[in-house]
Amino acid sequence: MTPAPERTAVPFAGIRQRLGERHAPAEITLAELEADTNAVLRRLREESPVAVCAELEALLALRWADVQTVISRSELFRSDQPDSHLTRFVGPNMLHSEGREHHTARTAVLPAFRATDPRMPAEVGRRYRELRASHDGTTPCDLAKDFCVPLVAQATVNLLGCEDAVTPEQMDRWGPLVSQGAFDFHEFGAARDDVDAARAEISAMVAQYVGGRRQAAPDTVLGCMAQASSTLDETRRMVEFMIIGADAGPREGLATVVACALTADSGVRGRLADSPALRQSFVDEALRWESPIGGITREARVDTALSGVAIERGTRIIGVLPSANRDPRRWPDGDTFMADRGDRAHLSFGAGMHGCVGAALSRRLADAMVLAVASDPAVRPHSTPEYRGWWYRGPRAVLASWT
């Protein structure tokens, strides 16, 4: 096999100019994407296979086949990006690494994700019953804030193995801060005292486990890193990466799943309560219909093409997941939520060797949440959920009342 050519920096302005000479891609701003995500992506997708986003210094791949190529064809598009927002914030990480580095990091923590936490289904049920019991009949309950978020925080604490050092409330505070620090596209690198303080707390917590003052269970992330004899910096980077990953997708994705269960008609809810197979389909359809993550960033390793559009080596390109997941070339009537669609092969968990390591864990948690809502005939939606955001997308609130 001929080795890939050495990497060279390619200024985006030059790539953009040369692309424009050959092709007329649409241009889009972050504000436009965030204001009306699905409608904008629908228009862009039909105009051109790719669009230009100057603020991200990247091309956006929009169609199903092209997005799948970008995120899974490692011989064409590389994931190791030392200048990505995530790498500049956290340092070398599992998402933006390749080869031995990626394999070593992923293999180290896989046992933590393969382990089934027997506590979480009971925790989901307990949390739901508490919310229902505390409802006063007048003020609606926000299931996104009061049901999904605390459970994600608890699941993250359990996954990391830091139950004796970190409370779910503390994890709930850390997650949004480090996520904002890593993906603030508008003011990346600007001084943030709150972000710095959260990262200092995380580092201090990690140091307790690496230094031997605390010991995590072997089937947790911290336990796995200890067994791999990881350094303090390696462990800190992995823990920050996991906290960002747990905050970024699960908060939004689980809130979407719960919103879909809450607004389903009584017949569908009854079937969901009785059928694990239907719940599996339902969960994945919700994640396809409103993808919690906006995109996956890659860089063209070689000169290539997407749907006839020449992509120059060195071009940063983002595979836009919500666009691919509604592309009618792959999903008939893709803008419509179909509870029993039965096709679970969406891209919300990524694809290829960088597919989300926490996909099974997220699905298990979502299943328990859908079961809790679907099994309760007294719960009803207080209002129609309104979705917002692009890079992180989910309902503003999931307001419920009990009759």
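The values are calculated or read from the model by the stated rules, or taken from the named source; none is laboratory data. Note that the coordinates shown come from a computational prediction; the quantities given were computed from them, not determined experimentally. Cβ: placed from backbone, ideal geometry, glycine included. Neighbour counts: every protein chain shown. The area values use the complete protein model at the heavy-atom level, side chains included, leaving out ligands, DNA and RNA. Shrake-Rupley method; radii C 1.70, N 1.55, O 1.52, S 1.80 Å.
Data for the structure
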| quantity | calculated |
| --- | --- |
| Area of Tyr209 that stays accessible when all protein chains are in place (1.4 Å probe, Å², to 10) | 20 |
| Computed label-point distance, nm, for sites Arg106 and Phe12 using a 7 Å Cα→Cβ extension | 2.7 |
| Computed helical MRE - 222 nm, the chain, DSSP H runs ≥ 4 contributing -39500 (n - 2.57), nearest 500 | -15500 deg cm²/dmol |
| Among (i) 61, 50, 43; (ii) 63, 54, 41; (iii) 60, 55, 46, the entry that matches Cα extents along the principal axes in Å as calculated here | (ii) |
| Carbon/sulfur fraction of accessible area - the range 45-103, other protein chains in place, 1.4 Å, % | 48 |
| Where a label projected 7 Å from the Cα of Glu201 along Cα→Cβ would reach, residues of the range 144-173 with amide N under 12 Å | 166-173 |
| Where Rh is the Kirkwood radius over Cα pairs, Rg/Rh for the range 1-158 | 1.09 |
| Solvent exposure, largest accessible area first (probe 1.4 Å, DNA, RNA and ligands not counted), of Ser383, Ser323, Ser134 | Ser134, Ser383, Ser323 |
| Heavy-atom surface of the range 2-160, accessible at 1.4 Å and reported per residue (Å²) | 48 |
| Whole-percent carbon and sulfur share, accessible surface of the range 143-233, 1.4 Å | 51 |
| Helix runs (DSSP H) in the chain reaching 18 Å along axis by Cα, Kyte-Doolittle at least 0.5 | 250-263, 359-374 |
| Segment Ala360-Glu47, extension gain: residue separation times 0.36 nm, minus the distance between their alpha carbons | 109.1 nm |
| FRET efficiency, 1/(1 + (r/R0)^6) with R0 22 Å, evaluated for Ala345 and Arg388 via beta carbons | 0.25 |
| The range 293-394, accessible surface, carbon-and-sulfur percent (1.4 angstrom probe) | 53 |
| Relative contact order of the range 165-229, defined on C-alpha pairs under 8 angstrom at six or more residues apart (%) | 22 |
| Solvent accessible area, Å² - Arg127, 1.4 Å probe, full protein context | 60 |
| Distance between the range 112-157 and the range 22-68 - C-alpha centres, whole angstrom | 36 |
| Potential lengthening between Lys145 and Arg129 on full extension [0.36 nm per residue; Cα-Cα distance subtracted] | 4.2 nm |
| Cα→Cβ-extended label distance, 7 Å offset, between Ala191 and Ala31, nm | 2.7 |
| Cα centroid separation, the range 74-89 to the range 274-317 (Å) | 16 |
| Directionally averaged projected area (convex hull, Cα atoms, the range 86-216), nm² | 10.6 |
